[in-house]
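The values are calculated or read from the model by the stated rules, or taken from the named source; none is laboratory data. These numbers come from a predicted model, not from an experiment. Don't worry about glycine lacking a Cβ; one is built from the backbone with ideal geometry, like all the others, and counts go over all protein chains shown. Ligands, DNA and RNA are stripped out before the accessible areas are found, and what is left, the full protein with its side chains, is counted by its heavy atoms. Shrake-Rupley method; radii C 1.70, N 1.55, O 1.52, S 1.80 Å.
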Amino acid sequence: MATTERKPLLLDFEKPLAELATRIDQIRQLAEENGVDVSGQIRQLEARAMQLREEIFTSLSPSQRLQVARHPRRPSTLDYIQAISDEWMELHGDRCGGDDPALVGGVGRLSGQPVVMLGHQKGRDTKDNIARNFGMPYPGGYRKAMRLMEHANKFSMPILTFIDTPGAWSGVEAEHQGQGEAIAYNLREMFCLDVPIICTVIGEGGSGGALGIGVGDRLLMFEHSVYTVATPEACAAILWKDAAKAPQAAVALKIISHDLKKLGIIDQILSEPTGGAHSDPLKAATTLKQVLLENLDELNRLTAPERRQLRYEKFRKIGVFIEVAH
């Protein structure tokens, strides 16, 4: 039976890696056809390819990290949930008349512990992306998320959220349905919940759409994810009236994990496999599960009032600065 392999989706800065991989394949094929042993040369080239991949992915610019965060094959919320949970049941509807597929959630078990897991969900192809509105929720998505979080609070289940959206949907229909109110309500209510809340930026964390499920005791972030008040393209269009200056905006916005850790906005950076989470999704999921369990263990030792107070203090510290007089 014939089988087909998925062709890799290459980013611009990955082209040298693709060229080296093609060269290795050509040498291997010629060696087989001519019965020549070139295993030593191939090992050297493979070692060089590994070294080159490491060099490329440890020196990515903010705009290149944004490309990785937006990679079509980057693991999604449902991918991670299915990989890390013992069992999982998706729940639907906001109890106000709709169900938004751009934000998914449900109940499950993480190493035997009952939890509620929810997050933004992008599509895998054009058809799926249209169905899920490219991971940009309507107000109903945030109301569904809040319903699930209230359920978790009632039954003392920790909440795990996964952030991966360019932003909440900003169309006229969303505004008619109360987009701003839905996000603001979530922000207020998440501060009041008694149970542990861990938020993880797994891809692209954009604007209020990310914040709508982003208030937690711990904010984790994958190494090549981004978290920003506005997309670099939107920022460039606003500041310079030129979206082509997005790379410059990406630097100024401090959107990458290491900058955000220094600023005290995120609590922990999760390492990714060399080449990004899409290069080895199972390894990325293993890292995520381990870190979630470690943080849950710490948070479960605190009382509900202690968690609420620490959560409040954590967000009060964001944006604090000291002006030095000259």
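When Rg is the radius of gyration of the Cα atoms in the stretch 241-314 and Rh is its Kirkwood radius, what does Rg/Rh come to? If you can, show how the numbers build up before the last one.
Details: Rg = 17.0 Å, Rh = 15.3 Å.
Reported Rg/Rh, Kirkwood definition of Rh: 1.11.
In Å², what does the accessible area per residue of the chain work out to with a 1.4 Å probe?
Values: 16940 Å² over 326 residues.
Per residue, the chain has an accessible area of 52 Å².
Using only the Cα atoms of the chain, what do you get for the radius of gyration and for Dmax, in Å?
Over the chain's Cα set, Rg and Dmax evaluate to 21.7, 76 Å.
On a C-alpha basis, how far is the centre of the stretch 30-94 from the centre of the stretch 103-164 in Å? Whole number, if you could?
25
Explain nothing, just the number: dipole magnitude of the stretch 147-287 about its Cα centre with +1 on each Lys and Arg Cβ and -1 on each Asp and Glu Cβ, in debye rounded to the nearest 20.
Around 260 debye, computed over the stretch 147-287.
Tell me, what is the FRET efficiency for Glu54 and Val229 to the nearest 0.05, using R0 = 35 angstrom and their Cβ-Cβ distance as r? It would help to have the intermediate numbers written out before the result.
Values: r = 31 Å, r/R0 = 0.89.
My answer for the efficiency is 0.65.
Cα to Cα, under 14 Å, and not fewer than 8 places away if on the same chain: which aspartates and glutamates meet these conditions relative to Lys245?
Glu233
Among Cys96, Cys192, Cys235, what's the order by accessible area (1.4 angstrom probe), most exposed first? Display every interim value, and only then the final one.
Values: Cys96 105, Cys192 75, Cys235 20 Å².
Correct descending sequence by accessible area is Cys96, Cys192, Cys235.
To the nearest 20 debye, what charge dipole does the stretch 1-114 have about its Cα centre, counting +1 at the Cβ of each Lys and Arg and -1 at the Cβ of each Asp and Glu? Walk me through the intermediate numbers first.
Working: 14 positive and 18 negative charges, 60 e Å.
Dipole about the Cα centre, nearest 20: 280 debye.
So which of Lys262/Lys314; Lys122/Lys241; Lys254/Lys317; Lys127/Lys241; Lys261/Lys317 end up more than 20 Å apart by C-alpha?
Listed pairs above 20 Å: Lys122/Lys241; Lys127/Lys241.
If I compute solvent accessible area with a 1.4 Å probe over the protein chains, what percent of it on the chain is carbon and sulfur?
Exposed carbon and sulfur together represent 54 percent of the surface.
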